[in-house]
Amino acid sequence: MATSYIPCLFVFAILAIGVALAGSCEKPSIKSSVYTAADAHFSNHGIVSATFNVQCANKAASSSMDVYAVFRGRAVQAAQDLDSSQYQVTFSEPVKTYLPAGGYAIDLYDEDGYAQYRKAQRGEAGKSSVPEPMARIEFEYPRVRHSLWVHSETVAVLLLLGASFYAYSARKSILS
Amino acid sequence: NTFQQVAMCKISSALVLLMMVMSCMADTEERAQIVALKTILNNLVVKGKDITVQYDLYNVGSKAARNLQLEEEGFPSDYFELKAGLLRARWASLPAGANVSHSVVLTPLQSVMFNVSQATVRYRASEDSRGFTVGQTSGFGEVVIYDTAAYDRQFSAHATEWLTFGLMSLPSIAIPMALWYKSHRKYAALATRKLD
């Protein structure tokens with residue numbers, strides 16, 4: 001009778017190990033697209049919006065894990081689509097002083113990585129350096145498009161005043 | 001800008017109301033409570049130009065909210081095109097006292113008066129609660145989606161218009177100047193010849 005339990009225990013042990021391993025993502029690969037908006041004339045916020053998929057070598061982990069995104073010191077939990085396993089994270093700031101144009105990177109962490117990141121931020125003993133992110137999304141932020149610094153009406157008025165002054169001085173020199 | 005001022009007024013009054021209600025109730029139960037605010041980050045909504053809609057979700061309860069879902073049905077695809085972001089999003093949990101912000105970028109396709117209404121928020125108020133608590137974000141009200149022509153008439157630089165005006169007024173300046181210059185040259189030449 002006792003021997004019949006052993007296969008059950010064996011299967012249960014395998015399952016337990018499987019469940020424990022499914023928590024962490026092995027060899028994550030990211031497919032991402034980033035939308036950036038940098039228009040100071042029309043809107044007052046600069047937007048960086050990253051949409052990405054996470055593929056893990058162990059399939060069980062990829063659909064249910066929490067992903068945290070860190071960008072320039074701000075950490076945000078990524079939202080997940082209700083219908084697919086796509087993640088999305090957005091960073092927005094007032095655009096006038098947001099980002100100079102250039103290359104930037106968003107670091108992605110899973111739960112354990114994010115816990116280590118928070119410990120490193122708090123400066124706990126033994127954790128002085130920020131952990132390696134699970135993945136990194138790199139993108140280019142464009143140059144901010146500003147509206148015209150001076151209105152065209154102002155330019156027109158200035159040109160008109162200049163032309164009038166020239167005409168007046170020319171008339172004066174002719175008449176003299 | 002006024003949209004944000006109105007939105008800040010709405011969120012602060014919503015929070016004040018909520019705190020009053022909660023202090024009146026005998027708080028026997030520990031649960032999560034989500035307050036959600038929906039704002040449009042742009043000053044103007046113009047057809048063909050991107051707008052950003054931001055959803056701020058605050059957990060003002062005493063427990064973490066589980067399986068927090070945001071569903072936005074108020075931007076139909078014949079009126080708005082989704083540029084970036086998810087209209088249906090979820091977060092596994094939101095701790096008590098924490099907040100999360102979600103943004104969606106849309107492009108209006110028609111210039112109409114559009115009513116930006118509430119999105120739905122649902123979550124499990126505590127770990128052992130059976131069903132979902134369903135709530136709504138704040139609405140935003142009617143917004144005017146301007147036509148590109150109306151927007152340009154008011155806000156664009158009008159550089160081409162000024163250039164056209166300059167070119168059209170050039171003949172009435174250039175022709176008298178040319179005539180004067182012709183006679184000036186003739187008399188200047190005469191004056192120098194006389195001196196010699």
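Each reported figure results from applying straightforward, stated rules to the coordinates on display, with no laboratory input. Treat the numbers as computed from the prediction; the structure is a model and nothing was measured. Cβ atoms come from the backbone with ideal geometry, glycine included; neighbour counts cover every protein chain shown.
General observations
- Karplus-derived 3J(HN,Hα) values for the range A:134-143, using 6.51 cos²θ - 1.76 cosθ + 1.60 with θ = phi - 60°, are 5, 7, 9, 9, 10, 7, 9, 9, x, 6 Hz; glycine and proline are entered as x.
- Residue-wise HN-Hα coupling along the range B:179-188, computed from phi with Karplus coefficients 6.51, -1.76, 1.60 (Hz; x: Gly, Pro): 5, 4, 5, 4, 6, 4, 5, 5, 6, 5
- Neighbourhood charge, 14 Å Cβ-Cβ cut-off, centred on A:Ala40 and excluding it, Lys, Arg +1 and Asp, Glu -1: +1
- Estimated FRET transfer efficiency when R0 is 25 angstrom, pair A:Leu82-B:Cys9 (beta carbons, to 0.05): 0.20
- Rounded to the nearest whole angstrom, the semi-axes of the ellipsoid equivalent to chain B, taken from the Cα gyration tensor as √(5λ), stand at 65, 17, 13, largest first.
- Estimated D of the range B:83-190 in µm² per second, where Rh is the Kirkwood radius over Cα pairs and Stokes-Einstein applies at 20 °C, 1.002 mPa s: 102
- Calculated on the Cα set of the protein assembly as shown, radius of gyration then Dmax: 31.8, 140 Å.
- Across peptide A:42-49, the mean count of Cβ atoms from other chains lying within 10 Å of each residue's own Cβ comes to 6.
- Per-residue ellipticity at 222 nm, computed for the protein assembly as shown from helices alone with -39500 (n - 2.57) per DSSP H run of at least four residues, works out to -12000 deg cm²/dmol.
- Summarising the amide proton neighbourhood of B:Ser103: residues at separation of 5 or more, or on other chains, whose placed amide H is nearer than 5 Å comprise A:Thr90, B:Tyr55.
- Burial ranking of peptide ranges B:155-166, A:39-50 (average Cβ count within 10 Å, highest at the top): A:39-50, B:155-166
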